[in-house]
Amino acid sequence: MAVKIRLARRGRKRLAIYDVVVADARAPRDGRFIEKLGTYNPNTDPASININNERALKWLLNGAQPTDTVKAMLSYRGVLLQKHLQIGVLKGAISQEEADKKFEAWKASKEEAITGKVDKLAKAKADARQKALDAETAKNQARLDAIKAKEDEAKAAAAAEAAEAADAPAAEAPEASADGEETQA
(Lines give C-alpha, C1' and ligand atoms only; values in the text may rest on other atoms or scores of the structure.)
Protein backbone atom coordinates (compact mmCIF):
# COMPACT_ATOMS: atom_id res chain seq x y z
CA MET A 1 0.00 0.00 0.00
CA ALA A 2 1.43 3.39 -1.05
CA VAL A 3 1.15 5.96 1.70
CA LYS A 4 1.08 9.70 1.06
CA ILE A 5 1.33 12.71 3.32
CA ARG A 6 -1.10 15.20 1.81
CA LEU A 7 -3.65 17.91 2.46
CA ALA A 8 -7.34 17.30 3.15
CA ARG A 9 -9.51 20.37 2.59
CA ARG A 10 -12.00 21.71 5.10
CA GLY A 11 -13.48 25.10 5.86
CA ARG A 12 -15.87 27.20 3.85
CA LYS A 13 -15.78 28.64 0.35
CA ARG A 14 -12.78 30.88 -0.35
CA LEU A 15 -11.56 30.41 3.24
CA ALA A 16 -10.14 26.92 3.10
CA ILE A 17 -8.21 25.35 5.94
CA TYR A 18 -6.34 22.14 5.36
CA ASP A 19 -5.50 19.14 7.52
CA VAL A 20 -2.12 17.51 6.92
CA VAL A 21 -2.91 13.79 6.87
CA VAL A 22 -1.25 10.47 6.17
CA ALA A 23 -3.50 8.52 3.82
CA ASP A 24 -3.55 5.66 1.36
CA ALA A 25 -2.72 7.05 -2.09
CA ARG A 26 -5.95 5.53 -3.48
CA ALA A 27 -8.22 7.20 -0.90
CA PRO A 28 -10.16 10.33 -1.93
CA ARG A 29 -8.76 13.76 -1.05
CA ASP A 30 -11.17 14.46 1.81
CA GLY A 31 -11.85 10.81 2.53
CA ARG A 32 -10.41 8.23 4.87
CA PHE A 33 -6.96 8.79 6.31
CA ILE A 34 -4.60 6.91 8.58
CA GLU A 35 -3.42 9.75 10.84
CA LYS A 36 -3.81 13.50 11.12
CA LEU A 37 -0.42 15.21 11.51
CA GLY A 38 -1.51 18.84 11.79
CA THR A 39 -3.17 21.79 10.09
CA TYR A 40 -2.33 24.40 7.47
CA ASN A 41 -4.09 27.78 7.24
CA PRO A 42 -3.06 29.80 4.15
CA ASN A 43 -5.45 32.65 5.04
CA THR A 44 -3.10 34.17 7.62
CA ASP A 45 0.06 36.12 6.82
CA PRO A 46 2.47 34.36 7.18
CA ALA A 47 0.57 31.10 6.65
CA SER A 48 0.00 29.06 9.82
CA ILE A 49 1.60 25.62 9.69
CA ASN A 50 1.05 23.40 12.73
CA ILE A 51 2.54 19.95 12.21
CA ASN A 52 3.63 17.29 14.68
CA ASN A 53 7.27 17.11 13.53
CA GLU A 54 8.10 13.84 15.30
CA ARG A 55 5.17 11.95 13.76
CA ALA A 56 5.87 13.43 10.33
CA LEU A 57 9.53 12.37 10.61
CA LYS A 58 8.46 8.86 11.64
CA TRP A 59 6.21 8.57 8.59
CA LEU A 60 8.90 9.92 6.26
CA LEU A 61 11.46 7.45 7.61
CA ASN A 62 8.92 4.65 7.11
CA GLY A 63 8.55 5.58 3.43
CA ALA A 64 5.53 7.86 3.18
CA GLN A 65 5.74 10.18 0.17
CA PRO A 66 4.73 13.84 0.70
CA THR A 67 2.94 15.77 -2.03
CA ASP A 68 4.69 18.85 -3.43
CA THR A 69 2.82 21.29 -1.18
CA VAL A 70 3.34 19.21 1.93
CA LYS A 71 6.99 18.73 0.99
CA ALA A 72 7.42 22.52 0.91
CA MET A 73 5.73 22.83 4.31
CA LEU A 74 7.85 20.07 5.83
CA SER A 75 10.95 21.74 4.45
CA TYR A 76 9.81 25.06 5.94
CA ARG A 77 9.35 23.40 9.33
CA GLY A 78 12.70 21.56 9.10
CA VAL A 79 11.35 18.03 9.02
CA LEU A 80 13.13 17.19 5.76
CA LEU A 81 16.42 18.52 7.15
CA GLN A 82 15.85 16.43 10.26
CA LYS A 83 15.23 13.38 8.06
CA HIS A 84 18.40 14.09 6.09
CA LEU A 85 20.44 14.40 9.28
CA GLN A 86 18.86 11.26 10.76
CA ILE A 87 19.75 9.23 7.66
CA GLY A 88 23.34 10.50 8.04
CA VAL A 89 23.33 9.31 11.66
CA LEU A 90 21.97 5.89 10.65
CA LYS A 91 24.68 5.52 8.00
CA GLY A 92 27.36 6.61 10.47
CA ALA A 93 28.40 9.76 8.57
CA ILE A 94 27.79 12.03 11.61
CA SER A 95 26.99 11.55 15.28
CA GLN A 96 23.60 12.23 16.82
CA GLU A 97 25.02 15.19 18.81
CA GLU A 98 26.37 16.83 15.65
CA ALA A 99 23.05 16.31 13.90
CA ASP A 100 21.18 17.85 16.85
CA LYS A 101 23.57 20.86 16.89
CA LYS A 102 23.08 21.45 13.16
CA PHE A 103 19.32 21.19 13.48
CA GLU A 104 19.17 23.56 16.48
CA ALA A 105 21.34 26.11 14.64
CA TRP A 106 19.07 25.91 11.60
CA LYS A 107 15.98 26.17 13.81
CA ALA A 108 17.30 29.30 15.56
CA SER A 109 18.06 31.04 12.25
CA LYS A 110 14.65 30.05 10.89
CA GLU A 111 12.85 31.41 13.97
CA GLU A 112 14.79 34.65 13.61
CA ALA A 113 13.77 34.94 9.96
CA ILE A 114 10.10 34.25 10.77
CA THR A 115 10.12 36.78 13.61
CA GLY A 116 11.71 39.34 11.30
CA LYS A 117 9.04 38.78 8.69
CA VAL A 118 6.22 39.08 11.24
CA ASP A 119 7.75 42.28 12.63
CA LYS A 120 8.16 43.68 9.12
CA LEU A 121 4.52 42.92 8.28
CA ALA A 122 3.31 44.47 11.54
CA LYS A 123 5.41 47.59 10.91
CA ALA A 124 4.11 47.88 7.34
CA LYS A 125 0.54 47.54 8.60
CA ALA A 126 1.10 50.20 11.26
CA ASP A 127 2.73 52.52 8.70
CA ALA A 128 -0.18 52.06 6.30
CA ARG A 129 -2.64 52.79 9.09
CA GLN A 130 -0.73 55.94 10.12
CA LYS A 131 -0.55 57.09 6.50
CA ALA A 132 -4.31 56.62 6.11
CA LEU A 133 -4.92 58.49 9.35
CA ASP A 134 -2.70 61.38 8.21
CA ALA A 135 -4.49 61.51 4.87
CA GLU A 136 -7.88 61.56 6.60
CA THR A 137 -6.70 64.29 8.98
CA ALA A 138 -5.46 66.40 6.05
CA LYS A 139 -8.75 65.88 4.22
CA ASN A 140 -10.77 66.88 7.29
CA GLN A 141 -8.57 69.96 7.82
CA ALA A 142 -9.10 70.96 4.18
CA ARG A 143 -12.85 70.64 4.68
CA LEU A 144 -12.71 72.73 7.85
CA ASP A 145 -10.62 75.38 6.07
CA ALA A 146 -13.15 75.48 3.20
CA ILE A 147 -16.06 75.82 5.62
CA LYS A 148 -14.25 78.56 7.58
CA ALA A 149 -13.45 80.40 4.32
CA LYS A 150 -17.13 80.26 3.31
CA GLU A 151 -18.19 81.51 6.76
CA ASP A 152 -15.65 84.36 6.59
CA GLU A 153 -16.84 85.21 3.09
CA ALA A 154 -20.46 85.18 4.27
CA LYS A 155 -19.56 87.40 7.27
CA ALA A 156 -17.71 89.81 4.98
CA ALA A 157 -20.68 89.91 2.60
CA ALA A 158 -23.07 90.49 5.52
CA ALA A 159 -20.82 93.25 6.87
CA ALA A 160 -20.66 94.85 3.41
CA GLU A 161 -24.46 94.70 3.13
CA ALA A 162 -24.80 96.16 6.59
CA ALA A 163 -22.37 98.95 5.69
CA GLU A 164 -24.29 99.63 2.48
CA ALA A 165 -27.56 99.58 4.40
CA ALA A 166 -26.14 101.99 6.96
CA ASP A 167 -24.75 104.26 4.22
CA ALA A 168 -27.95 104.18 2.17
CA PRO A 169 -30.34 105.67 4.83
CA ALA A 170 -27.78 108.32 5.75
CA ALA A 171 -27.45 109.29 2.09
CA GLU A 172 -31.23 109.39 1.62
CA ALA A 173 -31.84 111.45 4.76
CA PRO A 174 -29.89 114.60 3.65
CA GLU A 175 -31.63 114.53 0.28
CA ALA A 176 -34.99 114.34 1.98
CA SER A 177 -34.14 117.23 4.30
CA ALA A 178 -32.83 119.21 1.37
CA ASP A 179 -36.07 118.56 -0.50
CA GLY A 180 -38.05 119.50 2.59
CA GLU A 181 -36.24 122.80 2.92
CA GLU A 182 -36.85 123.67 -0.66
CA THR A 183 -40.57 123.13 -0.32
CA GLN A 184 -40.73 125.39 2.67
CA ALA A 185 -38.92 128.17 0.98
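The values are calculated or read from the model by the stated rules, or taken from the named source; none is laboratory data. Because the structure is a prediction, the values reported are computed rather than measured. Counting neighbours? That spans all protein chains shown, and the Cβs are built from the backbone with ideal geometry, glycine included. Keep in mind that these areas ignore ligands, DNA and RNA; they rest on the heavy atoms of the full protein, side chains included. Shrake-Rupley method; radii C 1.70, N 1.55, O 1.52, S 1.80 Å.
3J(HN,Hα) along the range 48-63: 8, 10, 10, 10, 6, 4, 5, 5, 5, 4, 4, 5, 5, 5, 7, x Hz, from the Karplus curve 6.51 cos²θ - 1.76 cosθ + 1.60 with θ = phi - 60°, whole Hz, x for Gly and Pro.
Quick one, what does Rg over Rh come out to for the chain if you take C-alpha atoms and the Kirkwood Rh?
Working: Rg = 39.5 Å, Rh = 23.6 Å.
That ratio is 1.68, to two decimals.
If you wrap the range 19-95 in the convex hull of its Cα atoms and look at it from every side, the mean projected area works out to 5.7 nm². Database remark: amide H of Ile34 closer than 5 angstrom to the amide H of Val22, Ala23, Asp24 (H placed geometrically; neighbours at sequence offset of 5 or more, or on other chains; Pro and chain starts carry no H).
Note that the chain presents 72 Å² accessible area per residue, ligands and nucleic acids not counted, probe 1.4 Å.
Can you list the residues of the range 66-90 with backbone N under 19 Å from a point 7 Å past the Cα of Thr115, pointing along Cα to Cβ? The answer is 77-78. Peptides 82-92, 144-154 ranked from most to least packed give 82-92, 144-154, packing being the mean of other C-beta atoms within 10 angstrom over each peptide's residues. Taken along the Cα-to-beta-carbon direction at a fixed 7 Å, the label points for Ala122 and Ala25 span 4.4 nm. Working note: Karplus 6.51/-1.76/1.60 with θ = phi - 60° gives the range 109-117 the couplings 5, 5, 4, 5, 5, 5, 4, x, 5 Hz, where Gly and Pro are set to x. Mind running the shape call on the range 1-56? Use the C-alpha gyration tensor, a ≥ b ≥ c as the square roots of the eigenvalues: rounded below 1.5 for a/c, prolate if a/b tops b/c, oblate otherwise. Oblate, because a/c is 1.5 or more while a/b does not exceed b/c. For the chain, which whole percent of the accessible surface, found with a 1.4 angstrom probe, sits on carbon and sulfur atoms? With neighbouring chains kept in place, the figure for the chain is 54 percent. What trypsin sites (Lys or Arg not before Pro) in the range 1-82 are in a loop by DSSP, with at most 13 other Cβ atoms within 10 Å of the Cβ? Answer by residue number: Lys13, Arg14, Arg26, Arg29, Arg32. Computed from phi, the 3J(HN,Hα) profile of the range 132-148 under the Karplus parametrisation 6.51, -1.76, 1.60 (θ = phi - 60°) reads 5, 5, 5, 5, 5, 4, 5, 5, 5, 5, 5, 5, 4, 4, 5, 5, 4 Hz, with x in place of Gly and Pro.
Set the Förster distance to 35 Å, then compute FRET efficiency between Arg9 and Asp45 from the Cβ-Cβ distance, nearest 0.05. So, using R0 = 35 Å, E works out to roughly 0.95.
With a Förster radius of 35 Å, plug the Cβ-Cβ distance of Tyr76 and Arg143 into 1/(1 + (r/R0)^6) and report the FRET value to the nearest 0.05. Write out the running numbers ahead of the final one.
On the way: r = 49 Å, r/R0 = 1.40.
After rounding, the FRET efficiency stands at 0.10.
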